[in-house]
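To start, the structure under review is shown below, and the notes come after it.
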């Protein structure tokens, strides 16, 4: 069996939606998760190696969460001699984002909360719509199949992205002031990469909201408000990260025909 070459760093600039990704066999993270689930003959060493790797990945996710909550990792540094926080190290403080970036961050988080609230408030109506579509399908209304799939997919897309957008924009804004990659250029940097993922998620969500707007007119007023807010976040993000779309994500934006 020919082993497919993995794409280094591909998981750093994706939307974590493995079920819809065509690169799972070339992603180290996805392959490891799938492999551990499928392999019943995993050795003890492989198990512990996987545990260590998962702990490292969990710590990376923790760092992202702490950044989102604006908590510094310095608070968690421990001295080698005593198991207490090290107070001798001065925290590395980054300059605070300007007002425009703060506005993007706040708007994206607010959008996520309002979208989540929208689903909570209209669960009954959405479930009723699904039942109606299912009944039409059962009686042979074949022309309704495409509409049913459109609505279901639109809802799924909005749900998946509603908090991802804020998380990725927060990372883009936060890492704009990090000196993690001193040799990076003005385009291929983590800030632009994260902003590009956010912009893609925004565009997918905008398309999904337009479907909801057209197919469920009784929710048009609130859907239109959320669509307008997301359009504003898109415009602000494009202005704040003008080079984000030029960023080449490993795998997704590469020509893999020769690789």
| task | Filter the range 224-259 for residues that are surrounded by 16 or more Cβ atoms within 10 Å (Cβ to Cβ) and free of Cβ contacts under 8 Å to residues at least 60 places away in the same chain and give the result. | result | 227, 234
| query | Are any of the residues in the range 157-180 exposed (fewer than 13 other Cβ atoms within 10 Å of the Cβ) and touching a helix residue (DSSP H, G or I) at 6+ places or on another chain (Cβ under 8 Å)? | reply | yes
| request: Give the number of residues within the range 207-222 that are buried (at least 17 other Cβ atoms within 10 Å of the Cβ) and without any contact (Cβ under 8 Å) to a residue 60 or more places away in the chain. | output: 3
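Within the range 215-241, which residues are at pLDDT below 90 and assigned to a helix (DSSP H, G or I)?
Step one: filter the range 215-241 for residues at pLDDT below 90, giving 215-223.
215, 217, 218, 219, 220, 221, 222, 223, listed by residue number.
The values are calculated or read from the model by the stated rules, or taken from the named source; none is laboratory data. Given the structure is predicted, the values throughout are model-derived calculations rather than measurements. Using ideal geometry, Cβ is built from the backbone for each residue, glycine included, and neighbour counts are taken over all protein chains shown.
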